[in-house]
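A.B. asks: Before I ask anything, here is the structure I am working with.
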Amino acid sequence: MAPAHNRKLPDDETLRRHYHKEGLGIREIAERYGTTHEAVRQLLSRFGIKRREPIAPEVLRHLYVELRLTGVEIAERLGLTISQVKTDLARSGITRPTFKEIAAKTSKSDVVAVYITEGLTQELAAARLGINLHAFTQLLKKFRIQHRHSPGYPLGVPRKLTIDDESLRRVIVDEGRTALDLAELYGCSVDTVIRRLEAIGIRMRRRYNIHEEDLRRLYLVERQTESSIAEKYGCRPQVIRDRMKKYGIPSRGKPRKSK
């Protein structure tokens, strides 16, 4: 049985405000005015109010599940209302996995490979493993892997490159070993090796593990700037721009100034 009208139905301007600016759903508008969903749909059609486009499920899943953002944070990032975010989450059936489920499919060697061997930041290491940052920090604690800024990281492995200058020069110049070889051998980041080499006068071209899918996500989905992405990788913004050009990632251009 359809509910009786408790008040006058909204006019064109009011309905537009409810639907687009406030982000109310058809159900919420119908309940507010004591009418049916169909009556609200007919009003939207009569006033020529364009229906909202739902948030793409892959975008919503990345922000909510992988980055573990709240509904409010997602709304702010996408310029939407919290009501629309909640509606689209419910419609898409997107839920977050528990830490127990994440820990069951992620091994200590997986974490060590991206965080210690490759020297990625926690944010990038989490993204490479397909998990959120909060879960990654919990995995570090679970596997007793200390943060890189902590004394003595990682446990049982020297933080610094403990090799004398003469031996370092020999393995790089004479034996042809790479910075990555030494990083894996001594359990430090590639940048640590390169800085040590530069200190003894050996210049090596830095190689950054910037994968196309990571760069597309950071720039196009999360809408981070080139400078902020460069900071994550420890490189210059020009390196990011060069990789974007290589991968065919379109630039968003400079933000327009409001008149």
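A.B. asks: If contacts are Cα pairs under 8 angstrom and at least 6 residues apart, what is the relative contact order of region 26-144 in percent?
C.D. replies: 21
A.B. asks: Given the pairs Lys50/Lys100; Lys141/Lys232; Lys21/Lys232; Lys8/Lys86; Lys100/Lys232, which span a C-alpha to C-alpha distance of over 32 angstrom in this model?
C.D. replies: The answer is Lys50/Lys100; Lys21/Lys232.
Coordinate-derived values only; no laboratory data. No experiment lies behind these values; they were computed from the predicted model shown.
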